[in-house]
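All remarks here apply to the structure that follows.
The values are calculated or read from the model by the stated rules, or taken from the named source; none is laboratory data. Note that the structure is a prediction, hence the values are computed from the model and not measured. Virtual Cβ from ideal backbone geometry, glycine too; neighbours counted across all protein chains shown.
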Amino acid sequence: MQREVMFAGFGGQGILLIGNILAHTAMEEGYEVAWVPSYGPEMRGGTAYCLVVISDRPIGSPIIRNPMHLVAMNHPSLEKFAPMVKPNGVVVINSSLIHIGSDRDDVDELLVPANDIANDLGSIKVANIVALGAFVARSKIVDFEVLRKCVQEQFSSKEKLIPINMAALEEGKKVAQIK
């Protein structure tokens, strides 16, 4: 079993962070993991994406042309990467910023108003965690309880950020369970 997830959006949206959290969660579950970040020279505001490969056997190459899943946080990312997603994958679309679908009927498309939910929680900065929670709840790529633990660990040095990030995770999960 090997599964690949492309996380993509603008620099500053926490794309690399959520990829890292997913990779950490999969490692906690005993999987082989590769995390490959990429971002433009502009960083904040430029394009940022990362690929996470999760497998139950050694990973031959972390470079994947057609990922199984996509989490798109902005319009350019959806346009660029949605056509590459394998059939039957999950495509999470940040519907707060993207007002179109993937134009794919062979994937499980999930519209998540991540920015709106994050604003309702009190900080736009947790939109990435909302999207991560929705993706994991829908794809079941890792255990949600282990994900909770890893998010808490990620923010353990900034304890005041734990409650809002945990709430963001839960709100993402709720959106994913609505079909």
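Check whether at least one residue in segment 71-88 is β-branched (Val, Ile, Thr), surrounded by fewer than 20 Cβ atoms within 10 Å (Cβ to Cβ), more than 25 Å from residue 148 (Cβ to Cβ) and touching a strand residue (DSSP E or B) at 6+ places or on another chain (Cβ under 8 Å), and report yes or no. Scanning segment 71-88, I find no residue that is β-branched (Val, Ile, Thr), surrounded by fewer than 20 Cβ atoms within 10 Å (Cβ to Cβ), more than 25 Å from residue 148 (Cβ to Cβ) and touching a strand residue (DSSP E or B) at 6+ places or on another chain (Cβ under 8 Å), so the answer is no. Of the residues in segment 48-60, not one is farther than 20 Å from residue 168 by Cβ, acidic (Asp, Glu) and either in a strand (DSSP E or B) or without any contact (Cβ under 8 Å) to a residue 40 or more places away in the chain (or both). Any chance you could count how many residues in segment 1-12 are part of a loop (DSSP other than H, G, I, E, B) and closer than 10 Å to residue 49 by Cα? Of the residues in that region, 1 qualify.
Pairing each residue of segment 159-179 that is closer than 14 Å to residue 136 by Cα and polar (S, T, N, Q) with any residue that is assigned to a helix (DSSP H, G or I) and modelled with pLDDT of 95 or more, provided the two are 6+ apart or on different chains, yields C-beta distances under 7 Å for 177/137. Restricting attention to segment 120-145 and to residues that are surrounded by 16 or more Cβ atoms within 10 Å (Cβ to Cβ) and of a type in the set (Lys, Arg), the residue that is farthest from residue 17 (Cα to Cα) turns out to be 138.
Of a type in the set (Val, Ile, Thr), touching a residue at least 24 places away in the same chain (Cβ under 8 Å), part of a strand (DSSP E or B) and within 29 Å of residue 32 (Cα to Cα): is that true of residue 126 in this structure? It is false that residue 126 is of a type in the set (Val, Ile, Thr), touching a residue at least 24 places away in the same chain (Cβ under 8 Å), part of a strand (DSSP E or B) and within 29 Å of residue 32 (Cα to Cα). Confirm whether residue 131 is small (Gly, Ala, Ser), modelled with pLDDT of 95 or more, more than 18 Å from residue 51 (Cβ to Cβ) and in a helix (DSSP H, G or I). Considered against the rule, which asks whether it is small (Gly, Ala, Ser), modelled with pLDDT of 95 or more, more than 18 Å from residue 51 (Cβ to Cβ) and in a helix (DSSP H, G or I), residue 131 comes out as no. Residues in segment 13-29 that are part of a loop (DSSP other than H, G, I, E, B) and surrounded by fewer than 23 Cβ atoms within 10 Å (Cβ to Cβ): 14, 29.
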